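K.L.:
Have a look at this one.
Please treat every number below as a calculation from the coordinates, not as lab data. These numbers come from a predicted model, not from an experiment.
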Amino acid sequence: MSDKHEVTLSASAERDLSKLAELTRGEVRRFLDGALRDDPRKAGTPIPGEQVGMHEASGRTWRILYRIDANTRSVRVMVVAPRGARSRIVPTIGNARPATGWRRV
């Protein structure tokens, strides 16, 4: 049995990824297939607060939010966004985006 985690993207993360520049998209794909599959806990940092199991990872020009399921050894990428002040990712209040609890501002 492989020690690697299975990485899947939500439909919205797939759309987010397709909107990134080609070089950035390639960098994110290498991260998803490399460091994130190998050890998702070391690849990013836990997000404090109510979002138990949510982690954040970033590169020079991108940022992702993902959830780790230790029982199935899987990782679900919820958000892929360009890095920068205009695409900050913040926790939502209420039911604005109940699937992940995050939104872009």
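K.L.:
Expected output is a single nm value to one decimal: the length gained when fully extending between T61 and K19, i.e. 0.36 nm times separation in residues minus the C-alpha distance. What is it?
P.N.:
The span from T61 to K19 would gain 13.8 nm if fully extended.
K.L.:
Each residue of the stretch 19-33 in order: what ³J(HN,Hα) in whole Hz does its phi give by Karplus 6.51 cos²θ - 1.76 cosθ + 1.60, θ = phi - 60°, with x for Gly and Pro?
P.N.:
So the Karplus estimates, Gly and Pro as x, are 7, 6, 4, 4, 5, 5, 4, x, 5, 5, 4, 4, 5, 4, 7 Hz.
K.L.:
At 0.36 nm per residue, and after removing the present C-alpha to C-alpha distance, how many nm does the segment from V7 to A70 gain when stretched out fully?
P.N.:
21.4 nm
K.L.:
Tell me, what HN-Hα J-couplings in whole Hz come from the Karplus equation 6.51 cos²θ - 1.76 cosθ + 1.60 at θ = phi - 60° for each residue of the stretch 37-49, using x for Gly and Pro?
P.N.:
In residue order, the calculated couplings are 5, 5, 7, x, 6, 8, 6, x, 10, x, 9, x, x Hz.
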